[in-house]
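The values are calculated or read from the model by the stated rules, or taken from the named source; none is laboratory data. Quick caveat, the model's predicted, so the values are computed rather than measured. Cβ: placed from backbone, ideal geometry, glycine included. Neighbour counts: every protein chain shown. Surface accessibility is based on the protein's heavy atoms, side chains included, excluding ligands, DNA and RNA. Shrake-Rupley method; radii C 1.70, N 1.55, O 1.52, S 1.80 Å.
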Amino acid sequence: MSLEVHLRHRLGAFRLKADFSAPRGVTVLFGRSGSGKTSVVDAVAGLIRPDAGRIVLDGEVLCDTARGVWTPPHRRRIGVVFQDGRLFPHLSVRGNLDYGRRFSGWGRDRSHEARIVEMLGIGPLLERRPGALSGGEKARVGIGRALLARPRLILADEPLAALDEARKAEILPYFERLRDDVAVPILYVSHAAAEVARLATTVVALDGGRVVAEGPAARVLADPTVVPAGIRAAGAVLEVRVAAHHDDGLSELDAGGVALFVPRIERRVGAAIRVRIPAQEVILSLEHPRGMSALNVLPGRIEAIRAGEGPGVMVSLATPGGTVLARITRRSAERMGLDVGTRAHAVVKSVAIAREDVGGR
Amino acid sequence: MEGLPPEARDALLLSLKVSLWAVAASLPPGVLVAFALARWRFPGRGLLNGLVHLPLILPPVVTGYLLLVTFGPRGPVGAPLAELGIVFAFRWTGAALAAAIMAFPLMVRAIRLSIEAVDPRLEQAAGTLGASRPWVFATVTLPLILPGIVTGAILSFAKAMGEFGATITFVSNIPGETQTLPTAIYAFLQVPGGEAAALALVGVSVAVAMTALGLSEVLGGWLTRRVSGR
């Protein structure tokens, strides 16, 4: 799969100028609200016509304003998972799931449907009406409905934004399974750094209608200049391996030879996962700390120090497990004499690594 | 039925026939016009809206007279139709036409309100699942506006049953051909000793109106529950 997007669009005073390409896997459009993410999704789905642009999916030109090419939405075979589920209220869950089948070319083959219903755990809901479903159930049925139309690409427009934290934790694993098991390419819109860290293969960061960063998730998220993350949400993503589960409720992870301890996670030993370490939970120390409660210490060398407005600076530390971001005060940085090349240790409390920041790869 | 004088029974049966035809024939254009007014922006939209609502504001006699002038044997529409053997003036078909036109604003209004209540994003969602525009209309829009269509149909049926002014002006009051319930009541009241028959017809009118209203409530409520997703 490859998706190539070039868009120019004006909405009132807002100008969208987005050029990016999405390789295999999950590409996350990352940005605050108002950054133009939804306009991009609507243009790819064919729900709006851009003023100018070109959209190519797997070599098929869906939209090319210069040549007057425009494929209507129902011929694009792009499934959309909407924020509110957007289920048809007059149809049962089964009716909703079946809606796209007629056009998918599957005919009577129900084996695939059974697999998707099983994966999403919506079998017991089939005869229910959308009005009788909870938010999380609606979200799962919405995913199933989009998948059963056999799309070439799934667009997910902030599918979790309307859900509370518990429901988010319930739905996010399903998107991980889509990525890993169903292997359908996904263009996923989000403004939540934790979601991006768990799902993204590629991140396209948007701000003010422009692409400000594009690349592999770990790299883009470790770049503190990427605006959408915001200084508070900034945090590095480490690719790690589950090393062991301990009896005291902790799991041990292997980050390039360094042991990290996090609250128990339900993954088998050996599984490759990602952890996101929020920059403001990281303490820097020049010496290897002793007599300290924090369990996780990652030694490294400072790659960059970036000062923003206000009293804080963002320090990038290259460690064996990958780049770790630390947000500390400018005063501390000066007192410790930190500079590029300085050897330092990143110290992180285990409980600072939130469960929603740990996910499959 | 048995207790009614023959003229009264004829009038009731004719009224039912005229009203059913009026509703059946005006439903498809009613949905189309309601859809156009609710969703499309086109030149002449205001004019169309005014034209549809005109019978609601004009004195019914005026509407009846305009129908007579237009669809009469020598009218600009009536004359060519008469060549084809389609005659409205002084026929039951004319009564149906008059009833349909008088009831049209009520029907369009009810359907239009229900179309405006449909979330267009549901139709977009159907499009992304592969459904073409006509298919989306048939499988999403139409089921969702069904309560409005039923309400509009029943309202306009009740209106057609009671239509008097335009009917009597356009097609007169011919027993067995154009004498509907209201015109029959009027005729009975004009002759000495006709009060009893008129009263019986008044009772029938009230019964028909109440039945229509009750049916509208029950059916409308049931359909609304069905499409609300609970």
Looking at A:R335 and the list (1) modelled with pLDDT of 85 or more; (2) part of a strand (DSSP E or B); (3) among the basic types (K, R), which single condition is not satisfied? (2)
Quick check on my filter: what residues within the range B:160-173 are among the hydroxyl-bearing types (S, T, Y) and not in a helix (DSSP H, G or I)? B:S172
For residues that are within 20 Å of the chain's Cα centre (by Cα) and not in a helix (DSSP H, G or I), scanning just the range B:174-230, find the one that is surrounded by the fewest Cβ atoms within 10 Å (Cβ to Cβ). B:E177
Does the range B:19-30 contain at least one residue that is crowded, with 16+ Cβ neighbours inside 10 Å, free of Cβ contacts under 8 Å to residues at least 40 places away in the same chain and on the phi < 0 side of the Ramachandran plot? no
Within the range A:245-273, how many residues turn out to be in a strand (DSSP E or B), without any contact (Cβ under 8 Å) to a residue 12 or more places away in the chain and open to solvent by 50 Å² or more (accessible area, probe 1.4 Å)? 0
Pairs, please: C-beta under 6 Å, at least 6 apart or cross-chain, first residue closer than 26 Å to A:P23 by Cα and at pLDDT below 85 and in the range A:144-170, second in a loop (DSSP other than H, G, I, E, B) and among the hydrophobic types (A, V, I, L, M, F, W, C)? A:K168/A:L160
Please enumerate the residues belonging to the range A:290-313 that are open to solvent by less than 30 Å² (accessible area, probe 1.4 Å) and assigned to a loop (DSSP other than H, G, I, E, B). A:A294
Return the total of residues in the range B:124-153 being farther than 16 Å from B:A34 by Cβ and of a type outside the set (A, V, I, L, M). 9
Take the residues in the range B:33-59 that are open to solvent by 50 Å² or more (accessible area, probe 1.4 Å) and in contact (Cβ under 8 Å) with a residue 60 or more places away in the chain, then tell me which one is farthest from B:A103 (Cα to Cα). B:R39
I need the full set of residues from the range B:97-135 which are of a type in the set (G, A, S) and closer than 21 Å to B:F164 by Cα, in order please. B:A98, B:A99, B:A100, B:A103
Scanning the range B:94-129 for residues that are part of a helix (DSSP H, G or I), open to solvent by 40 Å² or more (accessible area, probe 1.4 Å) and aliphatic (A, V, I, L, M), the one farthest from the other protein chains (Cβ to nearest Cβ) turns out to be B:I101
Among the residues of the range A:100-133, how many are closer than 23 Å to B:Q124 by Cβ and open to solvent by 20 Å² or more (accessible area, probe 1.4 Å)? 7
Read through the list (1) open to solvent by 60 Å² or more (accessible area, probe 1.4 Å); (2) free of Cβ contacts under 8 Å to residues at least 40 places away in the same chain; (3) more than 14 Å from every other protein chain (Cβ to nearest Cβ), then give the number of the only condition that A:R49 fails. (3)
Residue pairs within 7 Å by beta carbon, gap of at least six or interchain, first lying in the range A:52-79 and hydroxyl-bearing (S, T, Y), second open to solvent by less than 50 Å² (accessible area, probe 1.4 Å) and assigned to a strand (DSSP E or B), listed first then second, are A:T65/A:A52; A:T65/A:G53; A:T71/A:L62; A:T71/A:C63
For A:G136, state whether it is crowded, with 17+ Cβ neighbours inside 10 Å, out of contact with any strand residue (DSSP E or B) (no Cβ under 8 Å at 6 or more places or on another chain) and under 13 Å from A:D84 (Cβ atoms). yes
Residue that is nearest to the other protein chains (Cβ to nearest Cβ) [pool: residues in the range A:148-167 that are crowded, with 19+ Cβ neighbours inside 10 Å and over 19 Å from the mean Cα position of the chain (by Cα)]: A:A149
Condition (residue is out of contact with any helix residue (DSSP H, G or I) (no Cβ under 6 Å at 6 or more places or on another chain) and closer than 18 Å to A:I48 by Cα) applied to the range A:86-102: is it met by at least one residue? no
Determine if the range A:223-230 includes at least one residue that is open to solvent by less than 40 Å² (accessible area, probe 1.4 Å), at pLDDT 80 or above, out of contact with any His (no Cβ under 7 Å at 6 or more places or on another chain) and on the phi < 0 side of the Ramachandran plot. no
Would you confirm whether any residue within the range A:324-331 is without any contact (Cβ under 8 Å) to a residue 24 or more places away in the chain, surrounded by 14 or more Cβ atoms within 10 Å (Cβ to Cβ) and not polar (S, T, N, Q)? yes
Could you list, in sequence order, the residues of the range A:58-91 that are among the aliphatic types (A, V, I, L, M) and out of contact with any strand residue (DSSP E or B) (no Cβ under 8 Å at 6 or more places or on another chain)? A:L87, A:L91
Here are some conditions: (1) at the interface with chain B (Cβ under 9 Å from one of its Cβ atoms); (2) open to solvent by less than 20 Å² (accessible area, probe 1.4 Å); (3) under 23 Å from A:T38 (Cβ atoms). A:P72 meets all but one. Which one does it not meet? (2)
Condition met for A:F88 (within 16 Å of B:E123 (Cβ to Cβ), within 14 Å of chain B (Cβ to nearest Cβ) and open to solvent by less than 30 Å² (accessible area, probe 1.4 Å)): yes
State which residue pairs qualify: first residue touching a residue at least 24 places away in the same chain (Cβ under 8 Å) and farther than 20 Å from B:L13 by Cβ and inside the range B:189-217, second residue crowded, with 17+ Cβ neighbours inside 10 Å and of a type outside the set (F, W, Y) in any location, beta carbons under 6 Å apart, and separation of 6 or more residues or different chains. B:S216/B:T151; B:S216/B:I154
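Quick one: is B:F137 surrounded by fewer than 21 Cβ atoms within 10 Å (Cβ to Cβ) and in a helix (DSSP H, G or I)?
Taking the combined requirement at face value, the residue satisfies it.
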Could you identify the single residue in B:S132, B:S172, B:S205, B:S156 that is closer than 30 Å to A:R75 by Cβ and either of a type in the set (S, T, N, Q) or more than 12 Å from chain A (Cβ to nearest Cβ) (or both)? B:S132
One residue from A:G95, A:G131 being at the interface with chain B (Cβ under 7 Å from one of its Cβ atoms) and either of a type outside the set (A, V, I, L, M) or outside any strand (DSSP E or B) (or both): A:G131
